[in-house]
1. In nm, give the distance between the simple-model label positions of Ser18 and Met303, each being 7 Å from the Cα along the Cα-to-Cβ direction.
2. Taking the square root of 5 times each eigenvalue of the Cα gyration tensor, what semi-axes in Å does the equivalent ellipsoid of the range 109-256 have, largest first?
3. Any idea what the relative contact order of the range 1-160 is, in percent, if you count C-alpha pairs under 8 Å spaced at least 6 apart?
4. At a probe size of 1.4 Å, how large is the accessible area of Ser31, to the nearest 10 Å²?
5. Return the calculated 222 nm mean residue ellipticity for the chain, to the nearest 500 deg cm²/dmol, obtained by summing -39500 (n - 2.57) across DSSP H runs with n ≥ 4 and dividing by the residue count.
6. Charges at C-beta only: +1 for Lys and Arg, -1 for Asp and Glu. How large is the resulting dipole of the chain about its Cα centre, in Debye rounded to 20?
7. Quote to one decimal, in nm, the extra length available between Arg105 and Phe291 on full extension: 0.36 nm per residue of separation minus the C-alpha distance between them.
8. Over all directions, the average projected area of the alpha-carbon convex hull for the range 45-157 comes to how many nm²?
Amino acid sequence: MLRYTESLAAAYSRLGHSVKLLRPPALISGSLRPGGFRKAVVYVEQLLVFPWIYAVEARRSELIHLADHSDAVWLLSLPRRLRQIVTCHDLVAVRAALGEIPEHRPAYSGRLYQFLVRCGLRRASRIVAVSDATLADVRRLIPRTPAGRIYNPISNSIASADPTITVEEPYALIVGSTGWRKRRDLGLRVWARVRTVAGLENLRLTIVGPPLEQHELNLLLKNGIPLDHVTHFDGVTDAKVSELYANALTLIQMSRYEGFCWPILEANVFGVVAICADEAVLRETGDGNVFVPASLIGVDWMMIADAVASADTKMILAERARTFSEGAFDRDLSDLHRILAEPNGDKWRLSK
């Protein structure tokens, strides 16, 4: 979320606003080891300590913009008359607390926290969803709060990069963390299937994110794939990730329950076609990328290989991805502020 926060602060600065970033201080939790006790201390810091700091600073501000909807609990400490915008990336945790996500059932403390998040979201002046899929969830679960959609921007440091094309051996690229939502193991299965296409038997894989876990290593061994065909990077700079995108044959993105998917669009900027899970939010990246079912049943992998190599598709994707620019993000934020200043600001609810 730090990345979005920095993008948001930079956008407000470009629009001429004076910006002050507030974050909960890790007074005690920063020195504790991960675990249940540390989690409880974090709750105390965020729910009991920081709201006092937040309330004082918010009353001095013309506008409050929460960069992460999970922090909407802080709005419970503020009067409604203050202008308060919340960016909602996804409502997966809220939906899980309501029993809508079969893969994840949070503990009682988690369900209580998500109830407070919903209460906070109801107090927002506006909710900014980062995709149409997220906006649909917002309007269903937080129906009385005006909401619209502003897509996340692709950083200029990536969009304007001019990396050297140095690839010697073709590789597929996976960018992201592990976990039940990311389904990186499914991405490995997709890579294994692409390697069955004639001419791609030695297609390598580059991963940006945590190292392969044991069950992922077992999956590769089961498919007879040498472990040295996988290269791993973590903590890379924008310049390095741009180079990895530009030199990749394809990006594989099989995550589920996403709110937005930066890696797909960032790869598209360099004309790289993505192989994606057939999920509504991933389809918002547009035609040209390839969408496959999670079962992988009935997929024509030869057709997939042809699609990721199409020069025309690469050009179309690159042009469209560049519309997700910082400039477009700035214009949308500016429009939102203009509408907030109008007597009938609810028009924004219908215009986006």
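The values are calculated or read from the model by the stated rules, or taken from the named source; none is laboratory data. Remember, predicted model here, so these are calculated numbers, not experimental data. Cβ coordinates were reconstructed from backbone atoms using ideal geometry, including for glycine residues, and neighbour counts include every protein chain displayed. Remember, those area values only see protein heavy atoms, side chains included, never the ligands or the DNA or RNA. Shrake-Rupley method; radii C 1.70, N 1.55, O 1.52, S 1.80 Å.
1. 5.9 nm
2. Over the Cα atoms of the range 109-256, the ellipsoid semi-axes are 37, 21, 13 Å.
3. It comes to 18 percent, rounded to a whole number.
4. Using a 1.4 Å probe on the heavy atoms, I get roughly 100 Å².
5. On the way: 16 runs with 147 residues, N = 352.
So the helix-based figure for the chain works out to -12000 deg cm²/dmol.
6. 1880 debye
7. Numbers: separation 186, 0.36 × 186 = 66.96 nm, distance 2.80 nm.
Between Arg105 and Phe291, full extension yields an extra 64.2 nm.
8. Approximately 8.4 nm², given one-decimal rounding.
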